[in-house]
Amino acid sequence: VQLQASGGGLVQPGGSLTLSCKATGSIYAINSMAWYRQAPGKEREFVAAISWSGAGIAYIDSVKGRFSISRDNAKNTLYLRMNSLKPEDTAVYFCAASLGDRLTRAPYDYNYWGQGTLVTVSS
């Protein structure tokens, strides 16, 4: 399985961006998927996760009400819609895919990782 994240860029505070993560390869094995982020000088942190069906979703508290995770299994693509962006959202955003069906925040539960896409929130 290969994951390709895209959609990052420079946006002003209060602005919006939508990240995409395209999965290729043995995609039939993918179950839960997630977004993580890593800000400069900080550890990678969980942002959001979604089950295969989309019925199960989890967010880190700091993005609840602003970010929305979704997936289109027909297109093998994961999305992260980010609204009301803040400077503290600046980070490299990574998508991840799990072979398991648990909705998990633990990075060791994810088997595949994308290369990351940079989001910079600045005026």
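The values are calculated or read from the model by the stated rules, or taken from the named source; none is laboratory data. Because the structure is predicted, anything quoted here is derived from the model rather than measured. Cβ: placed from backbone, ideal geometry, glycine included. Neighbour counts: every protein chain shown. Side chains are part of the model used for accessible areas, which takes the heavy atoms of the whole protein and leaves out ligands, DNA and RNA. Shrake-Rupley method; radii C 1.70, N 1.55, O 1.52, S 1.80 Å.
Is it fair to say L118 is open to solvent by less than 70 Å² (accessible area, probe 1.4 Å) and either at pLDDT 95 or above or closer than 15 Å to E45 by Cα (or both)? Let's see the steps before the verdict.
Numbers: open to solvent by less than 70 Å² (accessible area, probe 1.4 Å): no; either at pLDDT 95 or above or closer than 15 Å to E45 by Cα (or both): yes.
Here the answer is no, as L118 does not meet what is asked.
Do we find that G7 is modelled with pLDDT of 95 or more, touching a strand residue (DSSP E or B) at 6+ places or on another chain (Cβ under 8 Å), open to solvent by less than 40 Å² (accessible area, probe 1.4 Å) and on the phi > 0 side of the Ramachandran plot in this structure? Show your work before the answer.
Values: modelled with pLDDT of 95 or more: yes; touching a strand residue (DSSP E or B) at 6+ places or on another chain (Cβ under 8 Å): yes; open to solvent by less than 40 Å² (accessible area, probe 1.4 Å): yes; on the phi > 0 side of the Ramachandran plot: yes.
So G7 fits the description; yes.
Quick one: count up the residues across the range 10-20 that are open to solvent by 40 Å² or more (accessible area, probe 1.4 Å), in a strand (DSSP E or B) and of a type outside the set (S, T, N, Q).
Going through the range 10-20, the residues open to solvent by 40 Å² or more (accessible area, probe 1.4 Å) turn out to be 10, 12-14, 16, 18.
This time we only want the ones that are in a strand (DSSP E or B), so: 10, 18.
Those still in the list that are of a type outside the set (S, T, N, Q) too: 10.
Within the range 10-20, residues that are open to solvent by 40 Å² or more (accessible area, probe 1.4 Å), in a strand (DSSP E or B) and of a type outside the set (S, T, N, Q) number 1.
Just checking, how many residues over the range 38-47 are open to solvent by less than 40 Å² (accessible area, probe 1.4 Å) and more than 8 Å from the chain's Cα centre (by Cα)? Lay out the reasoning, then the answer.
To start, the set of residues in the range 38-47 that are open to solvent by less than 40 Å² (accessible area, probe 1.4 Å) comprises 39, 46-47.
Now narrow it down to the ones that are more than 8 Å from the chain's Cα centre (by Cα): 39, 46.
Summing the residues that are open to solvent by less than 40 Å² (accessible area, probe 1.4 Å) and more than 8 Å from the chain's Cα centre (by Cα) in the range 38-47 gives 2.
Of everything in the range 102-123, what is closer than 22 Å to T24 by Cα and in contact with a Gly (Cβ under 7 Å, 6 or more places away or on another chain)? Give them in sequence order.
L103, D109, T117, L118
Would you pick out the residues in the range 30-47 that are aliphatic (A, V, I, L, M) and either part of a loop (DSSP other than H, G, I, E, B) or under 18 Å from N76 (Cβ atoms) (or both)?
Step one: list which residues in the range 30-47 are aliphatic (A, V, I, L, M), which gives 30, 33-34, 39, 47.
Within the range 30-47, I30, M33, A34, A39 qualify.
Which of the numbered conditions does A49 fail, given that it passes all the others? Conditions: (1) in contact with an Asp or Glu (Cβ under 7 Å, 6 or more places away or on another chain); (2) aliphatic (A, V, I, L, M); (3) more than 16 Å from G8 (Cα to Cα).
Among (1) in contact with an Asp or Glu (Cβ under 7 Å, 6 or more places away or on another chain); (2) aliphatic (A, V, I, L, M); (3) more than 16 Å from G8 (Cα to Cα), the lone unmet condition for A49 is (1).
Every residue, every condition in (1) open to solvent by less than 20 Å² (accessible area, probe 1.4 Å); (2) outside any loop (DSSP other than H, G, I, E, B); (3) without any contact (Cβ under 8 Å) to a residue 12 or more places away in the chain, yes or no:
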{"position": "A49", "(1), (2), (3)": "yes, yes, no"}
{"position": "G54", "(1), (2), (3)": "no, no, no"}
{"position": "I69", "(1), (2), (3)": "yes, yes, no"}
{"position": "A74", "(1), (2), (3)": "no, no, yes"}
{"position": "L85", "(1), (2), (3)": "yes, no, no"}
{"position": "A96", "(1), (2), (3)": "yes, yes, no"}
{"position": "D101", "(1), (2), (3)": "no, no, no"}
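Looking at (1) open to solvent by 50 Å² or more (accessible area, probe 1.4 Å); (2) touching a residue at least 12 places away in the same chain (Cβ under 8 Å), find the lone condition where Y108 falls short.
Exception for Y108: condition (2).
Which count do you get for residues in the range 21-37 that are open to solvent by 30 Å² or more (accessible area, probe 1.4 Å), touching a strand residue (DSSP E or B) at 6+ places or on another chain (Cβ under 7 Å) and within 19 Å of A49 (Cβ to Cβ)?
Residues of the range 21-37 that are open to solvent by 30 Å² or more (accessible area, probe 1.4 Å), as a first pass: 22, 24-29, 31.
Now narrow it down to the ones that are touching a strand residue (DSSP E or B) at 6+ places or on another chain (Cβ under 7 Å): 22, 24-25.
Next, only the ones that are within 19 Å of A49 (Cβ to Cβ) stay: 22.
So the count comes out to 1.
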